[in-house]
Amino acid sequence: MTMAGTSAELQFVTFSLGSELFAVPVGVVREILDHEDAFKIPHGPDYLLGLRDVRGQGVPVIDLRLRLGMRATVKTPHTRILVLDVPIGDKVLALGLVADRVYEVVPFRQEQIEAAPDIGIRWRSDYIAGVVRRDQSFVVIVDLARLFSDAGPALSGVAPDVRVA
(Lines give C-alpha, C1' and ligand atoms only; values in the text may rest on other atoms or scores of the structure.)
Protein backbone atom coordinates (compact mmCIF):
# COMPACT_ATOMS: atom_id res chain seq x y z
CA MET A 1 0.00 0.00 0.00
CA THR A 2 1.02 3.64 0.08
CA MET A 3 2.86 5.50 2.80
CA ALA A 4 1.00 8.10 4.85
CA GLY A 5 1.02 11.48 3.20
CA THR A 6 1.21 10.16 -0.36
CA SER A 7 -1.71 10.21 -2.77
CA ALA A 8 -1.17 7.22 -5.03
CA GLU A 9 -3.65 6.73 -7.83
CA LEU A 10 -4.77 3.24 -8.75
CA GLN A 11 -6.30 2.54 -12.17
CA PHE A 12 -9.56 0.58 -12.46
CA VAL A 13 -11.81 -0.61 -15.30
CA THR A 14 -15.44 0.22 -14.50
CA PHE A 15 -18.39 -1.87 -15.63
CA SER A 16 -22.04 -2.33 -14.76
CA LEU A 17 -24.32 -5.15 -13.76
CA GLY A 18 -27.77 -3.66 -14.05
CA SER A 19 -27.71 -0.25 -12.36
CA GLU A 20 -24.79 -1.19 -10.08
CA LEU A 21 -21.29 0.01 -10.93
CA PHE A 22 -18.26 -2.20 -10.28
CA ALA A 23 -14.53 -1.93 -10.87
CA VAL A 24 -11.52 -4.23 -11.19
CA PRO A 25 -7.85 -3.24 -11.23
CA VAL A 26 -6.71 -2.43 -14.76
CA GLY A 27 -3.65 -4.65 -14.25
CA VAL A 28 -5.74 -7.85 -14.27
CA VAL A 29 -7.68 -7.00 -17.46
CA ARG A 30 -6.14 -8.77 -20.46
CA GLU A 31 -8.74 -7.65 -22.99
CA ILE A 32 -12.41 -6.78 -23.47
CA LEU A 33 -14.39 -8.82 -26.01
CA ASP A 34 -17.84 -8.69 -27.54
CA HIS A 35 -20.18 -11.23 -25.99
CA GLU A 36 -20.42 -14.62 -27.68
CA ASP A 37 -22.08 -17.72 -26.32
CA ALA A 38 -19.62 -19.99 -24.54
CA PHE A 39 -19.11 -23.74 -25.08
CA LYS A 40 -21.23 -25.34 -22.34
CA ILE A 41 -19.57 -27.48 -19.69
CA PRO A 42 -21.84 -30.21 -18.24
CA HIS A 43 -22.40 -30.22 -14.46
CA GLY A 44 -20.64 -26.89 -13.89
CA PRO A 45 -21.99 -24.40 -11.34
CA ASP A 46 -24.84 -22.22 -12.64
CA TYR A 47 -22.64 -19.11 -12.87
CA LEU A 48 -20.15 -20.92 -15.16
CA LEU A 49 -21.49 -20.25 -18.65
CA GLY A 50 -18.83 -22.40 -20.32
CA LEU A 51 -15.53 -21.99 -22.16
CA ARG A 52 -14.52 -19.45 -24.75
CA ASP A 53 -11.50 -19.61 -27.02
CA VAL A 54 -9.35 -16.55 -26.35
CA ARG A 55 -6.31 -16.55 -28.64
CA GLY A 56 -5.94 -20.33 -28.45
CA GLN A 57 -6.66 -20.64 -24.72
CA GLY A 58 -9.87 -22.10 -23.30
CA VAL A 59 -11.08 -19.48 -20.83
CA PRO A 60 -13.99 -20.15 -18.44
CA VAL A 61 -16.73 -17.53 -18.77
CA ILE A 62 -18.51 -16.49 -15.58
CA ASP A 63 -21.86 -14.71 -15.25
CA LEU A 64 -20.87 -12.38 -12.41
CA ARG A 65 -24.50 -11.49 -11.84
CA LEU A 66 -25.26 -15.10 -10.87
CA ARG A 67 -22.06 -15.37 -8.82
CA LEU A 68 -23.21 -12.35 -6.77
CA GLY A 69 -26.76 -13.65 -6.33
CA MET A 70 -28.36 -11.38 -8.94
CA ARG A 71 -30.56 -12.37 -11.89
CA ALA A 72 -28.80 -13.88 -14.91
CA THR A 73 -27.36 -11.58 -17.55
CA VAL A 74 -29.62 -10.79 -20.48
CA LYS A 75 -27.46 -10.24 -23.55
CA THR A 76 -27.69 -6.81 -25.21
CA PRO A 77 -25.55 -5.06 -27.85
CA HIS A 78 -23.56 -3.56 -24.92
CA THR A 79 -22.79 -6.89 -23.18
CA ARG A 80 -19.03 -7.52 -23.00
CA ILE A 81 -16.65 -10.10 -21.62
CA LEU A 82 -13.71 -8.86 -19.59
CA VAL A 83 -10.89 -11.38 -19.96
CA LEU A 84 -9.00 -11.28 -16.68
CA ASP A 85 -5.80 -12.79 -15.32
CA VAL A 86 -6.59 -13.16 -11.62
CA PRO A 87 -3.68 -13.95 -9.28
CA ILE A 88 -4.83 -16.56 -6.75
CA GLY A 89 -2.14 -17.88 -4.46
CA ASP A 90 0.83 -18.97 -6.57
CA LYS A 91 -1.08 -19.25 -9.84
CA VAL A 92 -2.91 -16.97 -12.27
CA LEU A 93 -6.49 -17.88 -13.18
CA ALA A 94 -7.73 -16.77 -16.62
CA LEU A 95 -11.43 -15.87 -16.47
CA GLY A 96 -14.00 -14.26 -18.72
CA LEU A 97 -16.38 -12.06 -16.75
CA VAL A 98 -19.69 -11.08 -18.36
CA ALA A 99 -20.60 -7.42 -17.82
CA ASP A 100 -23.73 -5.62 -18.97
CA ARG A 101 -21.58 -2.71 -20.09
CA VAL A 102 -17.91 -1.72 -19.79
CA TYR A 103 -17.28 1.98 -19.32
CA GLU A 104 -13.77 3.32 -18.87
CA VAL A 105 -10.48 3.21 -17.06
CA VAL A 106 -10.64 5.55 -14.07
CA PRO A 107 -8.08 6.54 -11.45
CA PHE A 108 -9.06 6.37 -7.78
CA ARG A 109 -6.80 7.83 -5.13
CA GLN A 110 -5.98 5.43 -2.32
CA GLU A 111 -7.73 7.66 0.22
CA GLN A 112 -10.96 7.62 -1.84
CA ILE A 113 -11.34 3.87 -1.34
CA GLU A 114 -13.48 3.03 1.70
CA ALA A 115 -13.98 -0.37 3.32
CA ALA A 116 -17.19 -2.30 2.70
CA PRO A 117 -19.89 -0.81 4.93
CA ASP A 118 -20.58 -2.42 8.29
CA ILE A 119 -24.31 -2.90 8.69
CA GLY A 120 -24.12 -4.69 12.01
CA ILE A 121 -24.84 -8.16 10.67
CA ARG A 122 -22.90 -10.70 8.63
CA TRP A 123 -23.58 -10.38 4.90
CA ARG A 124 -21.94 -11.30 1.65
CA SER A 125 -19.38 -8.52 1.56
CA ASP A 126 -16.15 -10.51 1.53
CA TYR A 127 -15.79 -10.04 -2.24
CA ILE A 128 -15.68 -6.23 -1.82
CA ALA A 129 -12.14 -4.84 -1.82
CA GLY A 130 -13.48 -1.32 -1.33
CA VAL A 131 -16.12 1.23 -2.21
CA VAL A 132 -15.61 4.60 -3.91
CA ARG A 133 -18.17 7.43 -3.86
CA ARG A 134 -18.79 8.73 -7.35
CA ASP A 135 -21.39 11.33 -8.35
CA GLN A 136 -24.59 10.32 -6.54
CA SER A 137 -23.70 6.62 -6.22
CA PHE A 138 -20.92 4.20 -5.42
CA VAL A 139 -18.44 2.04 -7.31
CA VAL A 140 -17.79 -1.37 -5.77
CA ILE A 141 -14.22 -2.63 -6.26
CA VAL A 142 -14.34 -6.41 -6.61
CA ASP A 143 -11.75 -8.57 -4.83
CA LEU A 144 -11.42 -11.12 -7.64
CA ALA A 145 -9.09 -13.45 -5.75
CA ARG A 146 -11.62 -13.83 -2.91
CA LEU A 147 -14.54 -14.10 -5.29
CA PHE A 148 -13.04 -16.95 -7.31
CA SER A 149 -10.86 -18.80 -4.81
CA ASP A 150 -12.02 -21.53 -2.45
CA ALA A 151 -12.34 -18.83 0.22
CA GLY A 152 -14.75 -16.86 -1.98
CA PRO A 153 -18.41 -16.35 -1.14
CA ALA A 154 -20.70 -19.34 -0.99
CA LEU A 155 -23.47 -19.37 -3.54
CA SER A 156 -26.11 -20.10 -0.93
CA GLY A 157 -26.06 -16.49 0.23
CA VAL A 158 -25.01 -17.61 3.70
CA ALA A 159 -21.90 -16.04 5.17
CA PRO A 160 -18.97 -18.47 5.35
CA ASP A 161 -17.83 -19.81 8.68
CA VAL A 162 -15.13 -17.71 10.24
CA ARG A 163 -11.86 -19.64 10.21
CA VAL A 164 -9.33 -19.07 12.93
CA ALA A 165 -5.72 -19.73 11.91
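Screening Y103 against (1) of a type outside the set (A, V, I, L, M); (2) open to solvent by 60 Å² or more (accessible area, probe 1.4 Å); (3) modelled with pLDDT of 90 or more; (4) more than 20 Å from F12 (Cα to Cα) leaves a single unmet condition, (4). Scanning region 98-107 for residues that are closer than 15 Å to V140 by Cβ and assigned to a loop (DSSP other than H, G, I, E, B) turns up at least one hit.
Is it the case that some residue within region 39-60 is touching a His at 6+ places or on another chain (Cβ under 6 Å), over 21 Å from A129 (Cβ atoms) and either modelled with pLDDT under 90 or open to solvent by 50 Å² or more (accessible area, probe 1.4 Å) (or both)? Taking every residue of region 39-60 in turn, none turns out to be touching a His at 6+ places or on another chain (Cβ under 6 Å), over 21 Å from A129 (Cβ atoms) and either modelled with pLDDT under 90 or open to solvent by 50 Å² or more (accessible area, probe 1.4 Å) (or both). Of everything in region 128-165 that's part of a loop (DSSP other than H, G, I, E, B) and under 23 Å from E9 (Cβ atoms), which residue is modelled with the lowest pLDDT? Residue satisfying both the conditions and the ranking: D135.
L64 versus (1) surrounded by 12 or more Cβ atoms within 10 Å (Cβ to Cβ); (2) more than 19 Å from F148 (Cβ to Cβ): which is the lone unmet condition? Every condition holds for L64 apart from (2).
The values are calculated or read from the model by the stated rules, or taken from the named source; none is laboratory data. Remember, it's a predicted structure, so these values are computed and weren't measured experimentally. Glycine also receives a Cβ, built like all others from the backbone with ideal geometry; neighbour counts cover every protein chain displayed. Keep in mind that these areas ignore ligands, DNA and RNA; they rest on the heavy atoms of the full protein, side chains included. Shrake-Rupley method; radii C 1.70, N 1.55, O 1.52, S 1.80 Å.
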